[in-house]
Amino acid sequence: MSTNGQYVVQTVDVSKDLALGQVMVHALRGVTLNVKAGEFLGVIGPSGSGKSTLLGLIGGLDTPTTGQVFIDGEDITNLTERELTRIRNEKIGFVFQFFNLVPTLTALQNVALPIRFARHRKFDPTGRAMELLTLLEVDDRANHRPNQLSGGQQQRVAIARALANNPPLLMCDEPTGNLDTVSGALVMQALHDVNEEMGTTIIMVTHDMDIASQAHRVISLVDGRIADDIDPRSAAQMTAMNLLREERGLE
Amino acid sequence: MIDRVVFFITHSFNDLRVNKQRTLFALLCIAAGVAAMVSLQTLGVMINDTLTGSLQESNRGDLRIHPESEYAWPGFIESDLEDSFAESAFTRRGVAAMQTWFDENYPGSVVTYRQPLEGAFAGWSAFIPERGTVKSFIWNFLIEADTYPVYGKVRSFDGLTLNEMLQAPTDIVLGENLAEDLEAQVGDTLRLSGASQDFTVRGIVPTDTESGFRNSADGFLAGLFGFYYLDVSAVQFFEDTTPGQASELYVRLGDPSKVDEAQERVEAFKRNAISTDSTTDLREQNAVISDQVDDMVVIMGLVSLLIGGIGIVNTMLVIVSRRTTEIAVLKTLGVQPGEVTLLFLVEAIIMGILGGFLGVLGGWGLAYLTKGVAENFLGQSLVFTPAIAPAVNGYVVGVAITMIFGFLPTLAAGQVRPALVLRPSEAIIPQAGRLSAFVALVALILVLSLVAQGLLGDLLDDVPYIDTITPAIGVVYGVLMALALIAADIIDRRKRRGRPWLGHAVSWLVTLAVLTGGGALVGQAIPALLLVTIAFVVVGYLYVLFWLIIWAAGGGRFREIWPGVLVLLLPALWPLIPVLIVILLPVWALGRLIQRVMFVDFRIAMRGMLATKGRGATTLLALVIGIFTLSVITMLVDTITSAFEDLLNDAAGGDVVVFTSMPSTETITRLRDKLESERDLLDGYAVIASFDGNLSDYRDVSQNRNINIRMYESIDGRDLDSNLPKLTFTQGRNLDPARDNEADTEGYWPVVVQTKDPYSEESLFPYDDVEVGDIMTFQVQSSDTGRRTPVMFKVVGVAEGAGLWAGSDSRLYAPLAAFEGIEPSNVAAVLDVPKSNMRELRVSLMDVPGTFALETRYLNDLVNQIVDQFTSFPILVAALALFTGGFVIANSVALSTMERRREIGVMKAVGLQRERVLGMLLLEHSLTGIIGGLIGVGISFVILALMLYYMFQGELGDRLPYGIALTLMGVCVVISLVAAIASVWTASGEKPLNTLRYE
């Protein structure tokens, strides 16, 4: 299979089966998806629809049962754990719902972490970390530990950490899911800034249609398959999506 | 790279600081193990320093000359040493001749000697009438006060020398240990058994003046029982001791450097009669003792450290399991598996470094505190020095063990899948890939063997076939590692489709060859591989056993253990199966029953125990090793001493023996009159006289044959009215006062025979075939005139055992009336005296000259002291193992409580009071303590019962130390509860909202 250079992410007929106790669950069923460089993609879907599984496969956290995954033109499907780790370090940044900052490190140390473990170091860890914290307006909290930061501050530190090695792809798993409205808005603004100013491709998984509608493109997953692929800026498509949302009981 | 290492260190320190309680318990685990090892090794160094101190003073001279063997003891040597030595070396004239010889050959030399008191119990007991204190089995040193010792000075606490204190024959100088027991003060009057004069205490000298390994066995016993000095002129007050009959000579050479030459020349005089010990010999002997002490403390210290290692495994497992999400995040950010492992390994190493440091300080402290135990063991005072070598040793080994034991859990950390970060609710304790874990485990064994080898040195070199066994083990390990690696590679290749196989097949063969050969070489170089392999196998078996016992005690379900049951398919485990069935089935049935009938809190406690079987098994391992060792030693000691006490009372026929120094019929009469006059103080008494003579005729009635025999024998005559020995008769009966106080119609006196010789414990002719009805004729010798009187005896009873008792070494006894008109060779009495009357009786007996009352409990004290001495050090070591185990348990409890904070929060959220939650948790941990106690004490109890069964043929009832067993069980429960209370108390007081929100 050849890849198109304009896509940062390509999945080709990807399926993933998970064993839950004695039961085999088909979490993803033949998902094919192309994400262009600089695109901001929202992924929505009800619980158990396969959002997190898709995120894990694209992020190189897991390997598909069948199909292929390309990141920045590189097939990561059969890579070893060691090679996948390198890809994650250099090409992918992660932002999680529960922030997942290392509790014993300060904000600055957390952000510097991926740079310290990069095989080819492109930045000075402390300088780059401070630069990103300033960009995300949490530089005044640089020497505080996670438990000394608010949820919104923690998430902005997490975004800074995800951007540390200047990856082409940012994966966000419910980035506002654990935040109040004001903090959520600040985080979304930060993601938009990153997408626009740094040209970073963003894939964001969320339950929240309002949050998803801030993306350039939204796909909805149902039962492990892509049910819709729309442009939220198109009023007709959004109306259709909202109707579907109500019908499927989404938020 | 340096940047990463700095990060690892900073991160580890942060983690340790943030999780204070967990860190503290883990550090204590390591510290306890290291402390046990450092303290034992420090004691070893102190012992070595003492042994290798002043050799001339320890040897009491450059040369020490003594009889070659027990058969050449003073009095037996009658021939000359050389022409110039006209008499035996060990007589007064011999000593003088020896001095002359040394003056001629080694000018400036000094010869002195020491002599023992001889005769039955002469000088063995001391009594201070005005204080009513008595001490028995004490050691006497009769010396020439102006020359003894030839090196150094013996000084009293008042600063006086022996020469200044022993001015008159009745002056006596006491060792401090004896003076303390007698509550003696300078100026007190003191009576010695067998002495016709009382003595005056002139001074008290420190115990280690004579105690310890110096002066060979004498010094050892002097330290154990107490000792005193008399001038040789005091010999006149003791009947059987010949003046100047030395037991050892001590020589200070004019030129000590000629010691080897002098030794050679002295030994050439009379090769078979004397032997010598020079300072050179002593140096060599001490080197051997030092090595043995070193080996012992190293092995025992290592055991403690291994117990501490269990704590490390637990701690690292919990650290890893509680940080799986963090690990997954790190891996998501691009941290490689090896780096994650390294990160946690650095944390383990930091804990090892900090814990080791604490352990060194604790070890020195323990060595200082337990110095007394080692002194008791050696009978010699030790000087405490915080030695550097043991500290470095313990520290390095402690850090190494922490690294080694911490490695497997950290390997698991590297295996955490990063996808976990997306589904934190699925967080489980990561399992290292089974094959890589197996390879790591084998590598661990090899590294641990290397550490052990460094400690053990050449200790295992004498094990038979060691040169074959350990390379073979090495080969097995090599093959297993290679197969595991190949299997892992095959699985990996299959997963990643389309990769070439041929190159890998070649690499597999190379791996197999290299690891097999390498294993053989490692085995060849590291004999300790054998020890570590055995330790791993034993610990592995115990772990499985304890795991199953917890499962059974908790009344677990079969589905929880069926994968474990598959392990029993291994043929090596088949012998365990019946044991498991016998133990597990009843325990499981009981567990199920309790689950049904007990109150709910108890059931929850049991389920809590069931939920953490793995950790419970390691806790039990730590607890059982310590408590088992301790219980085996203490219960064995108690059983031996109580059995000995019973045997002694039974054989003697009473609890007090009165000795006399002037055997005669008059003494018999006076003693009997005195005892009769003090009848109110006594529960019973019997006077016993021993008579020497020859067994001249023996008539075997059943075979109807006469045997002419001429055999030296002694026979006891005793009062029959009370205090007869309580013997087990194989034939016939004991003597009977109603009918045995006179000869029968044929003129035969009744006699009881014990078949075994009191010394050799053998039944020799004619006693090997003695039967009731056999007739013996004795030519009994009167001790005053030597005249022999024939007395005929008929055997009325044959008893088991040997006839040795406190007063005589005869195996025959008959009515005293049979010996009328014959002067005895020894007179004594056995009494039953209430303890409260002892003092009054002693004072009263002073009216009969030369008498000395000895309570059999003092004989028992003697046994106790010997047993205590030899078991003190093992008990110390067992206690140290238990001490380490205590910290491991505390750590386990802290870890499991930490893991169960959420569960505790839920219990409180549904309305359970803090006290109830606390009660349940404590109940759970006391159950662990009870199980540990039952196993540890139970196993030693069974071993003891089996031993007693074979020793006493079923008379077990009153000998098994039930009290001690129960106490030790209690100790187990207390240790578990004390270890639990700190962490459980805090956890149960936590607000439920906190735990539910943040856990």
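The values are calculated or read from the model by the stated rules, or taken from the named source; none is laboratory data. For clarity, every value in this text was computed on a predicted model and none was experimentally measured. Neighbour counts run over all protein chains shown; Cβ positions are idealised from the backbone, glycine included.
Name the single residue that is surrounded by the most Cβ atoms within 10 Å (Cβ to Cβ) among those in segment B:14-32 being away from chain A (no Cβ under 13 Å) and aliphatic (A, V, I, L, M).
Selected residue: B:I30.
Under the condition of being under 22 Å from the mean Cα position of the chain (by Cα) and away from chain B (no Cβ under 13 Å), which residue from segment A:137-148 is surrounded by the fewest Cβ atoms within 10 Å (Cβ to Cβ)?
Of everything passing the filter in segment A:137-148, A:E137 is surrounded by the fewest Cβ atoms within 10 Å (Cβ to Cβ).
Quick one: how many residues across segment A:28-76 are within 12 Å of chain B (Cβ to nearest Cβ), over 13 Å from A:S15 (Cβ atoms) and among the hydrophobic types (A, V, I, L, M, F, W, C)?
Here the count works out to 3.
Kindly indicate whether any position in segment B:281-290 is within 14 Å of chain A (Cβ to nearest Cβ) and outside any loop (DSSP other than H, G, I, E, B).
no
Answer yes or no as to whether B:D716 is assigned by TED's automatic domain parsing to the domain that holds B:R739, surrounded by 23 or more Cβ atoms within 10 Å (Cβ to Cβ) and not small (G, A, S).
The answer is yes for B:D716.
If I filter segment A:77-123 down to residues being part of a strand (DSSP E or B) and either within 30 Å of B:N19 (Cα to Cα) or modelled with pLDDT under 85 (or both), which single residue comes out as nearest to the other protein chains (Cβ to nearest Cβ)?
Going through the qualifying residues, I end up with A:F94.
Looking at (1) more than 9 Å from every other protein chain (Cβ to nearest Cβ); (2) touching a residue at least 12 places away in the same chain (Cβ under 8 Å); (3) among the β-branched types (V, I, T), which is the one condition that is false for A:T134?
(2)
Could you please tell me which pairs satisfy a Cβ distance under 9 Å, a separation of 6+ or placement on different chains, a first residue in segment B:15-36 that is charged (D, E, K, R), and a second residue that is modelled with pLDDT of 85 or more and crowded, with 22+ Cβ neighbours inside 10 Å?
The qualifying pairs are B:D15/B:E347.
Take B:V303 and decide whether it is within 19 Å of B:C29 (Cα to Cα), modelled with pLDDT of 70 or more and not charged (D, E, K, R).
For B:V303, the condition - within 19 Å of B:C29 (Cα to Cα), modelled with pLDDT of 70 or more and not charged (D, E, K, R) - is met.
For segment A:134-158, what are the residues that are over 28 Å from B:A419 (Cβ atoms) and part of a helix (DSSP H, G or I)?
Once the filter is applied, which keeps residues that are over 28 Å from B:A419 (Cβ atoms) and part of a helix (DSSP H, G or I), segment A:134-158 yields A:T134, A:L135, A:D139, A:D140, A:R141, A:Q148.
Residues in segment B:931-941: is at least one in contact (Cβ under 8 Å) with a residue 60 or more places away in the chain, farther than 21 Å from B:L548 by Cα and of a type outside the set (A, V, I, L, M, F, W, C)?
No.
All but one of (1) assigned by TED's automatic domain parsing to the domain that holds B:I964; (2) touching a residue at least 60 places away in the same chain (Cβ under 8 Å) hold for B:A611, so report the exception by its number.
Condition (2) is where B:A611 drops out.
Looking at segment B:792-812, which of its residues are under 19 Å from B:D700 (Cβ atoms) and either at pLDDT below 75 or not in a loop (DSSP other than H, G, I, E, B) (or both)?
B:M792, B:F793, B:K794, B:V795, B:V796, B:G797, B:V798, B:A799, B:L812
Matching residues to (1) closer than 18 Å to B:V514 by Cβ; (2) under 34 Å from the mean Cα position of the chain (by Cα); (3) modelled with pLDDT of 80 or more:
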position	(1), (2), (3)
B:A387	no, yes, yes
B:Q431	no, no, no
B:V439	yes, no, yes
B:L459	no, yes, no
B:T470	no, yes, yes
B:V475	yes, no, yes
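If you go through segment B:10-66, how many residues are part of a helix (DSSP H, G or I), over 29 Å from B:A982 (Cβ atoms) and of a type in the set (A, V, I, L, M)?
6
Among A:L170, A:L186, which is the only one that is surrounded by fewer than 22 Cβ atoms within 10 Å (Cβ to Cβ) and either aliphatic (A, V, I, L, M) or without any contact (Cβ under 8 Å) to a residue 60 or more places away in the chain (or both)?
None of the others qualify; the one that does is A:L186.
Is it true that some residue in segment B:755-776 is among the aromatic types (F, W, Y), modelled with pLDDT under 80 and in contact with a Ser or Thr (Cβ under 6 Å, 6 or more places away or on another chain)?
There is at least one residue in segment B:755-776 that is among the aromatic types (F, W, Y), modelled with pLDDT under 80 and in contact with a Ser or Thr (Cβ under 6 Å, 6 or more places away or on another chain).
Could you tell me which residue of segment B:320-377 is farthest from the other protein chains (Cβ to nearest Cβ), considering only residues that are outside any helix (DSSP H, G or I) and farther than 19 Å from B:K20 by Cα?
It comes out as B:T370.
Inside segment B:183-197, can you point out the residues that are in contact with a strand residue (DSSP E or B) (Cβ under 7 Å, 6 or more places away or on another chain) and modelled with pLDDT under 90?
B:R191, B:L192, B:S193, B:G194, B:A195
For B:V522, only one of the following conditions fails: (1) farther than 25 Å from B:I310 by Cα; (2) among the β-branched types (V, I, T); (3) surrounded by fewer than 17 Cβ atoms within 10 Å (Cβ to Cβ); (4) modelled with pLDDT of 80 or more. What is its number?
(3)
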